[in-house]
Structures are given as structure tokens and as C-alpha cells.
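The values are calculated or read from the model by the stated rules, or taken from the named source; none is laboratory data. The model shown is predicted, which means the values in this text are computed figures rather than measured ones. All Cβ positions, even for glycine, are placed from backbone atoms using ideal geometry, and neighbour counts span all protein chains on display.
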Amino acid sequence: MINHGLINIENPLITRVTYKDSKEEKIEFVQQNNYDYFIDDLEEIIFSKELEDQKGILFSSDSLLMETSNKDIANSWEEISLSILGSWNLDEVKTMVNLIVKKSKVESVEKLIGRGNSAIYKIYLSNGHKLALKMYPEVSYHNRLKSEFQSTKIFKELNFSNVQKPESFNSDLGIATYDWIEGEKVLNYGVEEINTALGFLKTLHQNANAVQFQDFPMAADACPMGLDIERQIKRRLKQFDKFTNKYDELDNFLKNDFKPLFDEVVNWSKSSWPSILGYKIPINKSELILSPSDFGFHNALRSKDNKLIFHDFEYFGWDDPVKLISDFSHHAAMNLSYDEEQLWFSGVSAIYGEHLLERLNAAWPLYGLNWCLIILNEFKDEVWNRRCAADDSKSHLRDEHLATQLAKSKNKLNTLAVNYKNKHYW
């Protein structure tokens, strides 16, 4: 706590630390102080009879049925913050931005809706300049702020012209600002847009040996071997275990449709891999590429002069090119026609090499299965809460949204079942 500046400083965030020797003493202490909130990771503390009238938050990853209205469950400090403090109001955001923006004062702040995980604000400065402020969710497995800010900083140094430009950041606050991109969402795309995306990847690949990228970390959820994809799917499946009791249709789909095809595809992919060792051993470092990871037209804007500007590099890093190729093809936010998909496959083969075909053939259906589960992410309470924090207009539409996502996942799984053995790439 001292090392992180929480206590023993001029204006400490924590003013008192008290230790107790037993659960009974701890319960008595909480009861006597009558706190507005108390947080604990033990059910016997939170749900103790002595504290039944006090507002408590159980810090746990378990999904429990809550019978009392004055008790909540949270599995991250981000959720706890949201539960106690609510969403950031615009005055708070304005104060926070002024801490990291040095060139000018903030005149006003506008929250943008329709975003995914991260909350986005449009910042108007007194000098007429505009910025995009991004508030990153707190996750333990990947530093989204670092990946995005560092990658865009390097892009700027290397004179990439069609990407967002970084301005400032504060890792303690989990925020960063970028130049505001004047543009519209890319709702329609075709040959020209796919060629532009391929051109960006070609430029990125040509700069892969730049000294700035030497020590850049792996991309989020990187899969340098086939077994990584299988493990990722199993991990995602496991995460749904605590929600299937709440959603019968989800439970039936995963048990009766998804898992049988998953077992079938894993066996087929293993037998189709270039070598059994290749499935279980990572590819050489020299075969990794710099990957935007979450790459597609959902993360691009069309400028006034009709140019595409790519943004959102939260998952950027080193990865197997086969993952990038497959994810672009499968992405839930994309809807490529057959001709568009073939143009994509042809273009990436020219950039990364036709030698990838055998591994792509074996891996593509596994990535498709992974996307079937990603589409269902909003069934997880922590993901849904994060979506609502970024866009609170969604909060009362969960049932309709989950039904839509389940239908999308079913359709994708049915398509995979039909074509995974005879997919054409190049």
C-alpha cells in the first residue's frame, strides 16, 4: 500500500488500517462502525446474521443467487467502483482529463454511446483542438492501455498515415487521449476498403524489424500453437459454467450443439495440422507477425476525404498470422461476401506467404468455434456490466440482446458444421 501511494502520503486514499484476529472480531468491528459499504471475500462474513442490515459486497467470481437486496457480488475492483460510485459524470471526467492534458484547458466533455468495452469521450479544448478520451476497463490478463498507446506511439514515429495518433496517458487512472478523428463509421465496404486494410497490414509487416517493436509483448490471447486455440475455447466454455443455470437455452446450445462439434473439429484439426508436433509446439519467433488482433472495419472511420483511419489497438502485439487471417474472416462485426473473403485470403497470402495454407486450413474452424463463444460474451455478468458502463442505454435491453447473440452463435456454428472440411483459401 505504501509502494502504491495509498497510505503514508500527504493526501492518502486510505486513512486507517485495522487488523482483527478472528472472523467474530471482524464481524463485530464492521457492525460497530456501521459502514455505508463493507466488502469481503468470505460468504460467512457478508451473509452473517449480525450484518444482515448492512450494505455488503461479496468479492467473488462465483455466481450466486442473491436473496437479499442489500448484498451484491463483484469479481473485480472495477465492478465494486461502479456499484458504489456509479459511472463517471462529465464533471469528474473533465477534472481527470485536465490532469493529463497540458496543452490547453478542457472546455467541455461529451460521452459517446454505442461503444464496446471501453468508455469513450469527446473532449473539446479551449484552443479549439478536439481529443478522444478512452477509459480502459481493469483486466488482469492484458494491459490494454499500454498495448494501444505504445503501438500508436510507434506508428506515429514510423510515419503511419492512416491510424489514430496518441496524445497523453495516465496508467494509474487507466486513461489515454488521442487526436480526434473526424469521420463516419464504415458501414459499407468492398474491394477498395479490403485493399486499404491489406495495405495497412503490408506496411506494418514491412516495419516489423523496427527497433521500437523488438521488445513489444505478445498480442492478447495470442495463439502461437494449435493447442493454444483449443485451450482458449475450453477456457471460454468454463467461464460459461456459472451462467448456464440462469439461461436454459444457453445450456442446451453449449451441451447439445457446441460441444459435440467442438470435439469433432479438434480431432479433425489435429489430424490436418502440418505435423502433430506443430499442434503442440509454438511456431518459431521468426514466424510471428505484428498483429492488430481485433482488426476490421468496425475499428475504422471514414474521413471527410474518404480515407480509412484505423483505431483501437488494445490487443496489439506479436502473434501467428493464421490467427489474424482467421479472425478477420470470422469476426462477428464483419459480414464478408464470398468474393470479399477470397480477396482477403488472396491479399494476406501475398503479405505473409502461401506456405501458411496447411496451418490455416487446420486452424480456421477452431477460430470459428472460438468466435461462436465470443459472440455469447454478454451472458457473462462482468462483460454485460462493462458494456453498460460504456453505453448505459443498453442496460434495460439485456434479454433481447442475449436472444440475438445466441441466434448469431447458432447460425455461425451451423455454417461451420457444413463447410469446415472443404473451405477454400488460396
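Please give the helices (runs of 4 or more DSSP H) falling wholly within region 318-375 in which 1 or more residues are within 18 Å of Phe200 (Cβ to Cβ) and out of contact with any strand residue (DSSP E or B) (no Cβ under 7 Å at 6 or more places or on another chain). Write out each step before concluding.
Working: elements: 321-330, 338-352, 357-374.
Fully inside region 318-375 and qualifying: 321-330, 338-352.
Within region 267-317, which residues are in contact (Cβ under 8 Å) with a residue 24 or more places away in the chain, part of a loop (DSSP other than H, G, I, E, B) and surrounded by fewer than 15 Cβ atoms within 10 Å (Cβ to Cβ)?
Matches in region 267-317: Ile281, Lys304, Lys307.
Only one of (1) at pLDDT 95 or above; (2) on the phi < 0 side of the Ramachandran plot fails for Asn245. Which number is that?
(1)
Go through region 174-199 and give me each residue that's among the acidic types (Asp, Glu) and within 29 Å of Val109 (Cα to Cα).
Asp179, Glu182, Glu184 - these are the residues of region 174-199 that are among the acidic types (Asp, Glu) and within 29 Å of Val109 (Cα to Cα).
Inside region 231-249, can you point out the residues that are touching a Lys or Arg at 6+ places or on another chain (Cβ under 7 Å) and in a helix (DSSP H, G or I)?
Of everything in region 231-249, just one residue is touching a Lys or Arg at 6+ places or on another chain (Cβ under 7 Å) and in a helix (DSSP H, G or I), namely Gln239.
In region 107-122, what residues are at pLDDT 90 or above and either assigned to a loop (DSSP other than H, G, I, E, B) or more than 24 Å from Asn385 (Cα to Cα) (or both)?
Across region 107-122, the qualifying residues are Glu107, Ser108.
Report every pair of residues separated by at least 6 positions or lying on different chains whose Cβ atoms are under 7 Å apart, first residue within region 133-153 and assigned by TED's automatic domain parsing to the domain that holds Arg387, second of a type outside the set (Phe, Trp, Tyr).
Note: no pairs meet the criteria.
Of the residues that sit in region 187-217 and are surrounded by fewer than 16 Cβ atoms within 10 Å (Cβ to Cβ) and aliphatic (A, V, I, L, M), which one is nearest to Phe310 (Cα to Cα)?
Leu187
From (1) under 27 Å from Asn195 (Cβ atoms); (2) modelled with pLDDT under 95; (3) in the same structural domain as Ser275 (by TED's automatic domain parsing), pick out the condition that doesn't hold for His330.
(2)
Among the listed residues Asp215, Asp228, identify the single one that is in a helix (DSSP H, G or I), of a type in the set (Asp, Glu) and either assigned by TED's automatic domain parsing to the domain that holds Ser329 or without any contact (Cβ under 8 Å) to a residue 24 or more places away in the chain (or both).
Asp228
Those residues that are surrounded by fewer than 14 Cβ atoms within 10 Å (Cβ to Cβ), touching a residue at least 40 places away in the same chain (Cβ under 8 Å) and of a type in the set (Gly, Ala, Ser), I need them from region 94-132; list them, please.
If the condition is that a residue be surrounded by fewer than 14 Cβ atoms within 10 Å (Cβ to Cβ), touching a residue at least 40 places away in the same chain (Cβ under 8 Å) and of a type in the set (Gly, Ala, Ser), then Gly114 is the only one that fits.
Going by the conditions given, is Tyr178 buried (at least 16 other Cβ atoms within 10 Å of the Cβ), within 22 Å of the chain's Cα centre (by Cα) and either modelled with pLDDT of 95 or more or part of a loop (DSSP other than H, G, I, E, B) (or both)?
Yes; evaluated as a whole, the condition is true for this residue.
For residues in region 332-360 being surrounded by 19 or more Cβ atoms within 10 Å (Cβ to Cβ) and over 26 Å from the mean Cα position of the chain (by Cα), which is nearest to Leu416 (Cα to Cα)?
Leu356
Report, by residue number, each residue of region 154-209 that is of a type in the set (Lys, Arg) and out of contact with any Leu (no Cβ under 8 Å at 6 or more places or on another chain). If you could, list the steps in order and put the result at the bottom.
Of region 154-209, the ones of a type in the set (Lys, Arg) are 156, 165, 185, 202.
Lys156, Lys165, Lys202, listed by residue number.
Conditions (1) part of a strand (DSSP E or B); (2) under 19 Å from Ile309 (Cβ atoms), marked per residue:
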residue	(1), (2)
Pro137	no, no
Phe149	no, yes
Glu167	yes, yes
Ala222	no, no
